[in-house]
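Let me begin by presenting the structure, written as structure tokens, before commenting on it.
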Amino acid sequence: MSVLQRSDLVGLRLRNVESDLIKDFQGIDRFPVNMEWRFEARFIPYEPAKEIPISNVLGQTYPAEAIGYLSFGFEGRIYNIDALEEGDQLYLIFADGTSGAETYGGGRYLYTQKADENGIVILDFNKAYNPPCVFTPFATSPLPPRQNILELAIEAGERNWGK
């Protein structure tokens with residue numbers, strides 16, 4: 001068990017490792033790894049960091065600090081994703097054209113390393129994964145901010161689970 005806090009709410013998370021759901025878990029379907037979905041993105045810092053609203057599946061909205069955004073090109077278009085800082089990594093919460101069909105409707109998550117000395121970040125959507133709320137109605141997963149909903153179908157990473 002662990003204690004967690006979401007805005008002004010405090011919860012207790014219990015986990016039963018003997019649950020049949022865990023014992024019988026067969027994994028998560030994924031798109032085939034495709035290097036077309038791996039980019040050298042440019043990190044553009046916000047100076048100062050920008051406060052953005054993040055909502056979660058409970059309907060709460062709270063401020064989060066975006067330290068910058070990642071910019072990458074695909075098929076002649078430029079896309080931007082606000083990035084949150086999580087320790088020594090960047091944390092991305094995004095949705096795309098597969099959300100609600102092939103992938104979870106509430107978006108997916110992705111961690112990347114921080115930018116190198118040239119401002120480059122390897123953005124590998126093959127590593128995109130589902131939020132905890134895909135697996136349980138008791139999760140408090142954050143949802144993508146509006147600006148991180150991409151007009152692009154990213155056919156990489158984890159697919160929707162439990163369909």
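So who's got an amide H within less than 5 Å of the one on ILE154, skipping anything under 5 residues away but keeping other chains? H placed 1.01 Å off N, in plane. Distant-sequence amide H within range of ILE154: GLY97, THR98. How many percent of DSSP beta bridges within the chain run antiparallel, rounded to 5? Percentage antiparallel, nearest 5: 95. In this label model, PHE25 and SER55 are separated by 2.9 nm, measuring between points 7 Å along each Cα→Cβ vector.
Think of each Lys and Arg Cβ as +1 and each Asp and Glu Cβ as -1; about the Cα centre, that makes the dipole of the range 52-163 roughly 420 debye.
Please say if the range 1-82 is rounded, prolate or oblate, where rounded means a/c under 1.5 for a ≥ b ≥ c the square roots of the C-alpha gyration tensor eigenvalues, and otherwise the choice is prolate for a/b larger than b/c and oblate otherwise? It comes out oblate by the Cα gyration axes.
Using C-alpha pairs below 8 Å separated by at least 6 residues, the relative contact order for the chain is 26 percent.
Could you pull out the GluC sites (Glu not before Pro) across the range 88-155 that fall in loop regions by DSSP (anything but H, G, I, E, B) with no more than 10 other Cβ atoms inside 10 Å?
Numbers: sites: GLU102, GLU117, GLU151, GLU155; in loops: GLU102, GLU117, GLU151, GLU155.
In loop regions of the range 88-155 (DSSP not H, G, I, E or B), the sparsely surrounded GluC sites (Glu not before Pro) are GLU117, GLU151.
Normalised per residue, the accessible area of the chain is 59 Å², obtained with a 1.4 Å probe and no contribution from ligands, DNA or RNA.
Solvent-accessible area assigned to carbon and sulfur over the chain amounts to 50 percent, based on a 1.4 Å probe.
Could you count how many Lys pairs in the chain have their Cα atoms under 21 Å apart, skipping same-chain pairs fewer than 8 positions apart? It would help to have the intermediate numbers written out before the result.
Numbers: LYS23/LYS163; LYS50/LYS114; LYS114/LYS127; LYS127/LYS163.
Lysine pairs meeting the criterion: 4.
How much length would be gained if the chain were fully extended between ILE149 and ASP8, taking 0.36 nm per residue of separation minus their Cα-Cα distance, in nm to one decimal?
On the way: separation 141, 0.36 × 141 = 50.76 nm, distance 2.66 nm.
Full-extension gain reported as 48.1 nm.
Distance from the alpha carbon centroid of the range 112-163 to that of the range 1-48 works out to 9 angstrom.
Here is the list for the range 1-95: trypsin sites (Lys or Arg not before Pro) lying in DSSP coil, each with at most 10 other C-beta atoms within 10 angstrom of its C-beta, are ARG15. Here PHE135 and TYR91 are evaluated by their C-beta separation; at R0 = 25 Å the FRET efficiency comes out at 0.85.
Remark: the range 78-92, residue by residue, has Karplus-estimated 3J(HN,Hα) of 9, 10, 10, 9, 5, 10, 9, 8, 9, x, 9, 10, 9, 10, 10 Hz, where x stands for each Gly or Pro and the curve is 6.51 cos²θ - 1.76 cosθ + 1.60 at θ = phi - 60°. Judged by the gyration tensor of its Cα atoms, with axes a ≥ b ≥ c, the chain is oblate; a/c meets the 1.5 cut and b/c is at least as large as a/b.
With Cβ to Cβ distances under 10 Å as the rule, what net charge do the other residues near ALA66 carry (K, R +1; D, E -1)?
Charge balance near ALA66 sits at -3.
The values are calculated or read from the model by the stated rules, or taken from the named source; none is laboratory data. Values in this document were obtained by computation on a predicted structure and should not be read as measured data. Every residue, glycine among them, receives a Cβ derived from its backbone with ideal geometry; neighbour counts consider all protein chains shown. We work out accessible area using only protein heavy atoms, side chains counted, and drop any ligands, DNA or RNA first. Shrake-Rupley method; radii C 1.70, N 1.55, O 1.52, S 1.80 Å.
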